[in-house]
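Since the structure comes first, as structure tokens, the remarks are kept for the end.
We did not get these values from a lab; they are worked out from the coordinates using the rules stated. All figures in this text were calculated on a predicted structure; none of them were measured in a lab. Don't worry about glycine lacking a Cβ; one is built from the backbone with ideal geometry, like all the others, and counts go over all protein chains shown.
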Amino acid sequence: MTSKKHEFEHNVKLDVEARVRQGVKTVLEEVLEEEMTQHLEAGYRELTPTRRGERNGHYTRNLLTPAGKIERLEVPRDREGEFVTELFERYKRMTGDIEEAILQMYLSGISVRKVAGITDALSRVRVGKDTVSRITRRLQEEQKEWRERSLEEKAYPYLYLDATYLKVRWGARVTSMALLACVGVDEEGFREVLAVEVAGSEKGAAYASLLRGLIDRGLSGVRLVVSDDHEGIKAAVAAELPGAEWQRCIVHFERNVLSHVPATSMSEVAQDLKAIFKVRREKTAEALAEEFVELYEKSYPKAVSVFEAGIDDALIYLHYPGSHHTKLRSTNMLERLFKEVKRRTRVVGVFPNEASAATLATEIALRSSEEWALRRYLTMDALEEAKKTNPQLSRH
């Protein structure tokens with residue numbers, strides 16, 4: 001008797017939900033028709049002096065709403081193909097937030113069953129475990145295609161390499177895993193994330209593997225690689241990109257030098273150090289570097305020793321066009337990208353495994369860099385002009 005009662009209540013619930021969805025479908029179709037009327041400035045078969053076009057039937061599509069999935073929603077079309085409804089944008093934002101939440105929860109180690117329960121409770125959109133798996137699987141498939149895409153269509157004169165660390169569960173313990181990233185500036189001056197990989201550490205083998213993978217996919221035309229003073233990166237660049245120069249990030253370099261200067265004198269020394277990197281000519285910078293050594297070698301010998309060991313590598317950017325200097329002398333661009341990754345992954349804390357760390361970090365990096373395609377980073381005509389007047393640059 002109890003089972004029949006539960007079956008009856010279940011059927012009633014399904015019937016009510018179906019009626020609600022049908023009611024929502026009717027309302028949405030009326031809204032779409034009204035939007036079309038406003039777009040054309042005329043009703044169905046209405047002739048007016050301000051009419052802007054003609055209707056051209058309907059097409060059907062499904063739509064995920066708080067009332068559930070609306071199937072075969074009839075959407076009006078105009079003959080010119082200019083009608084764009086605001087309705088779908090609103091629901092796209094809503095369902096986009098839902099998918100984002102699903103991905104965040106799933107990649108944080110929450111089971112698909114729990115994710116489905118949470119989304120059902122919060123948004124009234126029933127998202128089954130199959131849907132959760134489909135969304136995350138689609139994301140991983142898209143990233144797989146991105147990681148394997150060809151780079152043969154254009155050259156990348158400038159590369160930026162750096163790493164940050166994420167906490168990942170490894171068996172019964174938690175360990176820090178390196179997140180390696182490579183950003184390239186192409187021959188048209190646009191930035192592009194070329195690779196994001198998780199590695200056990202920042203050893204040279206990890207960077208060599210990353211660069212080798214890029215070369216296998218067609219990476220070419222690299223003239224300069226910018227990074228911090230990491231032996232693994234320098235070794236990998238020398239081995240895999242023998243024709244490229246290496247630029248030491250001046251921000252890291254300045255920190256290294258100033259770490260050997262007492263706090264009471266740091267401001268004064270920092271000003272003299274920064275002055276070297278504000279000039280545009282290599283000879284002027286070299287003269288200022290000599291003055292720096294003469295001025296501080298007796299007071300702060302350790303700082304000067306670090307300075308002398310690294311200043312040549314820190315001034316490599318002066319071989320390149322003056323308009324490129326501020327963008328080539330540091331890895332600040334990658335630092336900002338990593339800052340966004342850390343901000344978004346902070347809620348995760350410890351990733352359940354390496355795959356989830358790589359997937360979420362890669363997705364954040366790619367989404368954070370989407371706007372790069374809209375704005376040119378460098379004017380590359382200057383590089384071609386510089387090659388004509390600088391024989392040293394032409395060799396690279």
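Can you list the residues, at least 5 places off or on another chain, whose amide H is less than 5 Å from the amide H of residue 229, using H built in the peptide plane?
Under 5 Å from the amide H of residue 229: 249.
Charges only on Cβ, +1 for Lys and Arg, -1 for Asp and Glu: so what's the dipole of the stretch 308-380 about the Cα centre, in debye to the nearest 20?
Details: 11 positive and 9 negative charges, 86 e Å.
Here the stretch 308-380 has a charge dipole of around 420 debye.
Which of the trypsin sites (Lys or Arg not before Pro) found in the stretch 336-390 are in a DSSP loop and have at most 12 neighbouring Cβ atoms, other than their own, within 10 Å?
Details: sites: 336, 339, 342, 343, 344, 346, 367, 375, 376, 387, 388; in loops: 346, 375, 376.
Passing both the DSSP loop test and the Cβ count: 346, 375.
As an exercise, use a Förster radius of 22 Å and the Cβ-Cβ distance of residue 264 and residue 308 to find the FRET efficiency, rounded to the nearest 0.05.
On the way: r = 23 Å, r/R0 = 1.05.
It comes out at approximately 0.45.
What does the net charge come to around residue 323 if you take all other residues with beta carbon closer than 13 Å to its beta carbon, with K and R at +1 and D and E at -1?
Working: positive: 280, 327, 329, 376; negative: 381, 384, 385.
Around residue 323, the surrounding residues sum to +1.
Quote to one decimal, in nm, the extra length available between residue 18 and residue 153 on full extension: 0.36 nm per residue of separation minus the C-alpha distance between them. Show your work: numbers first, answer last.
Values: separation 135, 0.36 × 135 = 48.60 nm, distance 5.13 nm.
Gain on stretching residue 18 to residue 153: 43.5 nm.
Just list whichever of 234/298; 283/327; 298/327; 154/203; 167/302; 144/234 have alpha carbons separated by over 23 Å in the model shown. List each step's numbers first, then the result.
Working: 234/298 31 Å; 283/327 20 Å; 298/327 34 Å; 154/203 29 Å; 167/302 35 Å; 144/234 28 Å.
Table pairs above 23 Å Cα-Cα are 234/298; 298/327; 154/203; 167/302; 144/234.
Suppose we keep just the DSSP beta bridges with both residues in the stretch 163-276; what percent of those would be antiparallel, to 5? Provide the component values of the computation, followed by the final result.
Details: 16 of 20 bridges.
Looking only at bridges with both residues in the stretch 163-276, the antiparallel portion is about 80 percent.
Tabulate in residue order the Karplus-calculated ³J(HN,Hα) for the stretch 30-45, using 6.51 cos²θ - 1.76 cosθ + 1.60 with θ = phi - 60°, rounded to whole Hz; enter x for Gly and Pro.
Running phi through 6.51 cos²θ - 1.76 cosθ + 1.60 with θ = phi - 60° gives 5, 4, 4, 5, 5, 4, 5, 4, 5, 5, 7, 6, 6, x, 4, 6 Hz.
Output wanted: per-residue J couplings in Hz (rounded whole) for the stretch 319-324, from phi through Karplus 6.51 cos²θ - 1.76 cosθ + 1.60, θ = phi - 60°, x for Gly and Pro.
Per-residue couplings from phi come out as 6, 10, x, x, 5, 9 Hz.
Starting from the 7 Å offset along Cα-to-Cβ, what nm value, one decimal, do you get for the label separation of residue 176 and residue 272?
3.4 nm
Could you tally the net charge around residue 166, taking each other residue with its Cβ under 10 Å from the Cβ of residue 166, Lys/Arg +1 and Asp/Glu -1? Intermediate results must be reported in sequence, preceding the final value.
Values: positive: 167, 342; negative: 354.
Net of charged neighbours comes to +1.
Could you pull out every residue, at least 5 positions away or on a different chain, whose amide H is within less than 5 Å of the one on residue 170? Hs are placed 1.01 Å off N in the peptide plane, and Pro or chain starts have none.
HN-HN under 5 Å from residue 170: 175.
Describe numerically, in nm with one decimal, the distance between label points set 7 Å from Cα along Cα→Cβ at residue 146 and at residue 235.
In this crude label model, residue 146 to residue 235 measures out at 3.0 nm.
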